[in-house]
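**Student:** Structure below; questions to follow.
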Amino acid sequence: MILHSRQWIDHYLDEGRWGQGTLLEQFDQNRAANPDREAVVDPPDRPDLVGTAARSLNYRTFGRAVDATAAELARRGLGKDHIVVAQLPNVWELAMLYLAVARAGGVLTALPLQWRATDVGYVRELTEARLYIAADHAKGFDYIAMGRTLGFEQCLSLAELTAIAEGPVGSPPPPVTVDANDIFTLCWTSGTESRLRACS
């Protein structure tokens, strides 16, 4: 999903302000060069947040999780420019999901845990997202039930996402061109108006 005009892209490339590399390429380079180096670390309060133990993953293990998740999301129909809504705390699976969704050609938009049906429903309607990935329960709230009520076609819990990431790596997703000018994520702001605003 490229939102800038070709004219602006060429202008900033010519000035040397923009480059051609992508986050996926940088990740793959780090993964190849430092497979045993620590890549991501869970927050120490993960057990309180989602009820499972905190972990530390090296680039080899983390990269394999990205590959497995990208392949499964593609198998489930995720393709170029499709938007995925996630409502997860800052656990390793969220960091992994950004890369996996991008590898399959999609765009991840991560929402704060405190948002409920009004805001999440507005994001779903605006983005036409079909896939929702969320914490199973957090602070006693059932996110998956909310996602189903809001009409997402597919709802994946954190437990299901973890199982996919740790499972076998299936067939790689079909080749997708991800350009340095493609949108990597959608972020949201609220508090100044009655409606949320997205920025990329």
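**Student:** Somewhere in the range 151-168, is a residue buried (at least 17 other Cβ atoms within 10 Å of the Cβ), modelled with pLDDT of 95 or more and farther than 22 Å from Arg46 by Cβ?
**Tutor:** yes
**Student:** Okay, moving on. Let me confirm something: among Leu94, Leu108, which residue is outside any loop (DSSP other than H, G, I, E, B), free of Cβ contacts under 8 Å to residues at least 60 places away in the same chain, touching a strand residue (DSSP E or B) at 6+ places or on another chain (Cβ under 7 Å) and within 16 Å of Ala165 (Cβ to Cβ)? Reasoning before the result, please.
**Tutor:** Values: Leu108 fails: free of Cβ contacts under 8 Å to residues at least 60 places away in the same chain.
After applying the criteria, what remains is Leu94.
**Student:** For residues in the range 6-54 being surrounded by fewer than 10 Cβ atoms within 10 Å (Cβ to Cβ) and of a type in the set (Lys, Arg), which is nearest to Arg64 (Cα to Cα)?
**Tutor:** Among those that are surrounded by fewer than 10 Cβ atoms within 10 Å (Cβ to Cβ) and of a type in the set (Lys, Arg), it is Arg17.
**Student:** Another one. Out of Leu99, Leu49, which single residue is under 24 Å from Ile183 (Cβ atoms), part of a helix (DSSP H, G or I) and not basic (Lys, Arg)? Even if it seems obvious, please write down each step before you answer.
**Tutor:** Working: Leu49 fails: under 24 Å from Ile183 (Cβ atoms).
Of the residues listed, the single one that is under 24 Å from Ile183 (Cβ atoms), part of a helix (DSSP H, G or I) and not basic (Lys, Arg) is Leu99.
**Student:** If I ask for residues that are of a type in the set (Phe, Trp, Tyr) and either within 9 Å of the chain's Cα centre (by Cα) or more than 17 Å from Ala65 (Cβ to Cβ) (or both), which ones from the range 92-114 would you list?
**Tutor:** Initial filter on the range 92-114 (of a type in the set (Phe, Trp, Tyr)): 92, 98.
Result: Tyr98, single match.
**Student:** Still on this model: Any residue at all in the range 110-132 that's buried (at least 16 other Cβ atoms within 10 Å of the Cβ), in contact with an Asp or Glu (Cβ under 6 Å, 6 or more places away or on another chain) and modelled with pLDDT of 95 or more?
**Tutor:** Yes, the conditions are met somewhere in the range 110-132.
**Student:** Please go through (1) free of Cβ contacts under 8 Å to residues at least 12 places away in the same chain; (2) within 21 Å of Leu131 (Cβ to Cβ) for Ser5 and return the number of the only condition it doesn't satisfy.
**Tutor:** With respect to (1) free of Cβ contacts under 8 Å to residues at least 12 places away in the same chain; (2) within 21 Å of Leu131 (Cβ to Cβ), Ser5 is out only on (2).
So that you can scan it fast, the table gives a plain yes or no per residue for (1) farther than 30 Å from Leu13 by Cα; (2) under 18 Å from the mean Cα position of the chain (by Cα); (3) not hydrophobic (A, V, I, L, M, F, W, C):
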{"position": "Asn90", "(1), (2), (3)": "yes, yes, yes"}
{"position": "Arg130", "(1), (2), (3)": "yes, yes, yes"}
{"position": "Ile144", "(1), (2), (3)": "yes, yes, no"}
{"position": "Pro173", "(1), (2), (3)": "no, yes, yes"}
{"position": "Phe184", "(1), (2), (3)": "no, yes, no"}
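**Student:** Here's a follow-up. Quick check on the range 55-100: of everything there that is surrounded by 17 or more Cβ atoms within 10 Å (Cβ to Cβ) and of a type in the set (Ser, Thr, Tyr), which residue is nearest to Leu23 (Cα to Cα)?
**Tutor:** Step by step, filter the range 55-100, then rank; the result is Tyr98.
**Student:** If the requirement is being in contact (Cβ under 8 Å) with a residue 60 or more places away in the chain and closer than 29 Å to Arg130 by Cβ, which of these qualifies: Gly19, Gly79, Gly63?
**Tutor:** Of the residues listed, the single one that is in contact (Cβ under 8 Å) with a residue 60 or more places away in the chain and closer than 29 Å to Arg130 by Cβ is Gly79.
**Student:** Next up: Could you tell me how many of the residues in the range 40-60 are touching a helix residue (DSSP H, G or I) at 6+ places or on another chain (Cβ under 9 Å), aliphatic (A, V, I, L, M) and in contact (Cβ under 8 Å) with a residue 24 or more places away in the chain?
**Tutor:** Looking only at that region, the number is 4.
**Student:** Run Leu161 past the list (1) within 18 Å of the chain's Cα centre (by Cα); (2) without any contact (Cβ under 8 Å) to a residue 40 or more places away in the chain; (3) part of a helix (DSSP H, G or I) and report the number of the one that doesn't hold.
**Tutor:** Against the list (1) within 18 Å of the chain's Cα centre (by Cα); (2) without any contact (Cβ under 8 Å) to a residue 40 or more places away in the chain; (3) part of a helix (DSSP H, G or I), Leu161 comes up short only on (2).
The values are calculated or read from the model by the stated rules, or taken from the named source; none is laboratory data. Just so it is clear, the structure is predicted and the values come from calculations on it, not from any experiment. Methodologically, a virtual Cβ is constructed for each residue, glycine included, from the backbone with ideal geometry; neighbour enumeration extends over all protein chains shown.
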